[in-house]
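First up is the structure itself, then whatever we jot down about it.
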Amino acid sequence: MSTGTSAGICPYASGDPAPAVPVRAVPGQVPYRVDRHEAERFIRQFHDERPGAGDDVRSRLREVLTEVDRTGTYTHSPAELAFGARVAWRNAARCIGRLYWRSLVVRDLRHLTSADDVAAASFEHLRLAGNGGRIRPVITVFAPDRPGRPGPRIVNDQLVRYAGHRTPEGAWRGDPRSAPLTALARDLGWKRDEEPFQVLPLMVRERPDVRPEWYELPDDAVREVPLSHPDHGWFARLGLRWYAVPAISDMTLEIGGVRYPAAPFNGWYMGTEIGARNLADAERYDLLPVVADRLGLDRSSERTLWRDRALVELNVAVLHSFQEAGVTMADHHTESQRFLRHIAQEGRHGRETPADWSWIVPPVSGSATPVFHRYYDPVDPSLRPAFLART
Ligand code: ARG
């Protein structure tokens, strides 16, 4: 359902939530082997971009390829893993927030495979990333897939998500986007309530073919911001809120042919992701009519632009509230300028910045931001390292 107008810093989460993980990765059934060519391409890139990183490239290549031939896979050094994860971010064509790709904090937890450990470390991820409001971009890398031994999977599309379901009267309660996840959580025994912002449990599969374990998120791991408006007292009484840390958890990190299916990562929010999409889309919280009515706008004709005016006020409220709460959030004007700086900086290193215009341009006021008025280097789907949609 990905739409051409999605925007946001890294709005990967527009696909359908957590499709069933293919059962073909059952241990012993599929001899998933690392592609030697991909391994070599990555090791060479690592050495090209980090001259003097020790270890000459030929001896490392020999080591890696021998390991691949013998075991079907190989083990990244901690430096290779960190570099690979950062470059995967740099390569993310839909992400407007890539200026800071070098600062990504990489947590190397490749030794963890059990559902309990993945859940506990994911909660710690949220605490580290939340950092008392000064959001840090963090990725946590769990065990990779290996031949005959797939790694763990997080079922949720983000570590924090609000449940959603339809009431018997047919109205939506909560986030409709999460209806499938909500139904799955209930099947597993989780209790849903009628609150519009109820945080879903984290569901983790130790292997792709087993049923998920579920874990309630600890309160201290989930920072949320209640929404208010600088000029309208009634806004706070709508009881709206959003969480502080968008942490994508359903994408596979692929580095040098090795796949890490559980590698949750986060940046900070750009206001429009919440104010112009999550709370505004008709298929999400659908709040434009509510906000327009409180603003006293005339909804009898589209030509009054009540939608547009409500959108702006909703976005003012989101930015204002995060600021008040001391939680990092970018506005779309500033983030657009940073993205153009990023492109220029990459150019000075002789690199292109592939980008998807329809994801980069913000969903409100597109033409008022500089990212609207240009084209970008084309997206090459074979670019690696990369974050890939889970198949
Ligand atoms: N657009 C998604 C959401 O609203 C989050 C995608 C990642 N965004 C980010 N700023 N890193 O939840």
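The values are calculated or read from the model by the stated rules, or taken from the named source; none is laboratory data. Because the structure is predicted, anything quoted here is derived from the model rather than measured. Positions of Cβ are backbone-derived with ideal geometry, glycine not excepted, and every protein chain shown enters the neighbour counts. These area figures cover heavy atoms from the full protein model, side chains too; ligands, DNA and RNA do not enter into them. Shrake-Rupley method; radii C 1.70, N 1.55, O 1.52, S 1.80 Å.
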**Prompt:** Expressed as a rounded percentage, what relative contact order does region 205-354 have, with Cα pairs under 8 Å and six or more residues apart?
**Reply:** 20 percent
**Fill in**
Cβ-Cβ cut-off under 14 Å around residue 221, Lys and Arg +1, Asp and Glu -1: the net charge is -2
**Taking region 334-391 and dividing mean pair separation by its residue count, relative contact order in percent (alpha carbons under 8 Å, at least six apart)** = 36 percent
**Request:** Compute the relative contact order of the chain as a whole-number percentage, counting only Cα pairs closer than 8 Å that sit 6 or more residues apart in sequence.
**Result:** 23 percent
**Asked** Roughly how large, in nm² to one decimal, is the mean projection of the convex hull of the alpha-carbon atoms in region 63-138?
**Response** 6.8 nm²
**Message:** Charges at C-beta only: +1 for Lys and Arg, -1 for Asp and Glu. How large is the resulting dipole of the chain about its Cα centre, in Debye rounded to 20?
**Reply:** 660 debye
**Fill in**
Taking alpha-carbon centroids only, region 171-204 lies from region 137-167 a number of Å equal to 16 Å
**Prompt:** Where both partners of a DSSP beta bridge lie in the chain, what percent of those bridges are antiparallel, to the nearest 5?
**Reply:** 80 percent
**Prompt:** Cα centroids of region 367-391 and region 233-247: how far apart, whole angstrom?
**Reply:** 30 Å
**Request:** Could you order 369, 113 so the one with the most accessible surface comes first? Probe is 1.4 Å.
**Result:** 113, 369
**Message:** Heavy atoms of the protein only, probe of 1.4 Å, neighbouring chains included. What is the accessible area of residue 55 in Å², nearest 10?
**Reply:** 90 Å²
**Asked** So what does residue 40 come to for accessible area, using a 1.4 Å probe and Å² rounded to 10?
**Response** 60 Å²
**Asked** Can you pull the three principal axis extents for the Cα set of region 109-172, in Å, largest first?
**Response** 48, 38, 17
**Asked** Whose amide H sits under 5 Å from the amide H of residue 255, counting only residues 5 or more places off or on another chain, with H placed in the peptide plane?
**Response** 260
**Prompt:** Along its principal axes, what span do the Cα atoms of the chain show, with the longest given first and each in whole Å?
**Reply:** 70, 52, 34
**Prompt:** Per-residue accessible area for residue 234 at 1.4 Å probe radius, Å² rounded to 10?
**Reply:** 50 Å²
**Item:** Farthest toward positive dipole pole in the chain [+1 Lys/Arg, -1 Asp/Glu at C-beta], among 200, 236, 337
**Value:** 337
**Item:** Within-14-Å neighbourhood charge of residue 276 [Cβ basis; K, R +1; D, E -1]
**Value:** -4
**Asked** Given a cut-off of 21 Å, what percent of all Cα-Cα pairs of region 162-284 lie beyond it?
**Response** 50 percent
**Prompt:** In whole Å, how far is the Cα centre of region 255-284 from that of region 79-100?
**Reply:** 14 Å
**Asked** How large is the dipole of region 242-391 about the Cα centre if only Lys and Arg carry +1 and Asp and Glu carry -1, each at its Cβ, rounded to the nearest 20 debye?
**Response** 240 debye
